[in-house]
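**Q** Dropping a structure here in structure tokens format, bear with me for questions.
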Amino acid sequence: MKKKRNKAFGRMQWVTSCISTTLVLLLLGLVVLFGLSARELSKSVRENLTITLLLDDDVETAQADTLAMRLQAKPYVRQTTVISKEQALKEESERMGTDPTEFLGGENPYTASIEMNVGADYACTDSLLVITKELRSMWQITDVVYQRDLVDNLNATLQKATLVLAVLALLLMIISVVLINNTVRLSVYARRFTIHTMRLVGASWGFIRWPFIKRSLGIGLTAAVLADGLLLGGIHWAMVQDEMVATIVTPEIIVIMAGSVLAAGLLLTFVCTWLSVGHFLRMKEAEMYR
């Protein structure tokens, strides 16, 4: 009867440890997911920043295409789009609801231009100032236009968001270690007399540690699989609700997140079990009853 009761208690303890570890790993996975997704979103926003290159009146469409191809070879350019005089006139006419040439004797007031997107690493004020200076030195380009205030505000916001996520990740890591350590320690504490008995009969520390480490690794693996399952299920649901999520949460991010949760589950349970069993192995008999 007592043996059955101890076995049932052991199973309940395993389930409780598994659930608590799963919740901790779930939170840890969310921080990793949000952190990596924020970086991907930041990259996407930076790369979608449009810089307009206004061209000289004498520049024809063919020359603009040649210039765009030259710019495309620059290391800081992600893509270029040529806007011809005719296309610019058509777009403005549609936007204004009237044809400007009617008031200008049939003359097209617009010049050709190139819309350019730079790489995410170059979408900052210092880099754009250098790029703008280089572009303005080309005779075909009369002016370089971009929203400088938007760039400054974007970079400031992204820096603050990165700092907040870094602090949150650090705090959560500390909390995760503490919670998992407490869970493991309570599990080992319940079997402290078994540890003491095995030590008295001459069992090595490695021999005593192995069953506890094996059990904890099983808990860590199970908890990591459950946490990854919940996270992947949540990501799939979010993608079904909004297709934009798929452009932010890339397969690479999902793999890193799932791998981080698995590694954290195994590593934290292993380290905490190693330290906890070591603590009770060094404990004197009189301290066992405290």
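The values are calculated or read from the model by the stated rules, or taken from the named source; none is laboratory data. The shown structure was predicted, so the numbers you read here are calculated from the model rather than taken from an experiment. Because the Cβ atoms are built from the backbone with ideal geometry, glycine has one as well, and the counts that use them run over all protein chains shown.
**Q** Considering only residues that are of a type in the set (Gly, Ala, Ser) and either in contact with a Ser or Thr (Cβ under 9 Å, 6 or more places away or on another chain) or touching a residue at least 12 places away in the same chain (Cβ under 8 Å) (or both), which ones fall in region 118-137? Please lay out each step first, then the result.
**A** Step one: filter region 118-137 for residues of a type in the set (Gly, Ala, Ser), giving 119-120, 123, 127, 137.
Within region 118-137, 119, 120, 123, 127 meet the criteria.
**Q** Can you tell me which of 157, 197 is surrounded by fewer than 14 Cβ atoms within 10 Å (Cβ to Cβ) and under 30 Å from residue 51 (Cα atoms)?
**A** 157
**Q** If you don't mind, there's one more thing I want to ask. State all residues of region 99-114 that are of a type outside the set (Gly, Ala, Ser) and either outside any helix (DSSP H, G or I) or at pLDDT 80 or above (or both); if no residue qualifies, say none.
**A** Listed by number, the residues that qualify are 99, 104, 107, 108, 109, 110, 111, 114.
**Q** Just to be sure before I move on: is residue 185 among the basic types (Lys, Arg), modelled with pLDDT under 75, on the phi < 0 side of the Ramachandran plot and part of a helix (DSSP H, G or I) in the structure I sent?
**A** yes
**Q** Still on this structure, please answer the following. Restricting to region 22-75, what's the tally of residues that are out of contact with any helix residue (DSSP H, G or I) (no Cβ under 8 Å at 6 or more places or on another chain), among the hydroxyl-bearing types (Ser, Thr, Tyr) and part of a helix (DSSP H, G or I)?
**A** 1
**Q** One residue is enough: does region 219-236 have a residue meeting the conditions assigned by TED's automatic domain parsing to the domain that holds residue 12, without any contact (Cβ under 8 Å) to a residue 12 or more places away in the chain, surrounded by fewer than 15 Cβ atoms within 10 Å (Cβ to Cβ) and over 27 Å from residue 17 (Cβ atoms)?
**A** yes
Results for (1) under 19 Å from the mean Cα position of the chain (by Cα); (2) assigned to a loop (DSSP other than H, G, I, E, B); (3) touching a residue at least 12 places away in the same chain (Cβ under 8 Å), shown as yes or no for each residue.
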site	(1), (2), (3)
116	no, no, yes
139	no, yes, yes
144	no, no, yes
165	yes, no, yes
179	no, no, yes
194	no, no, no
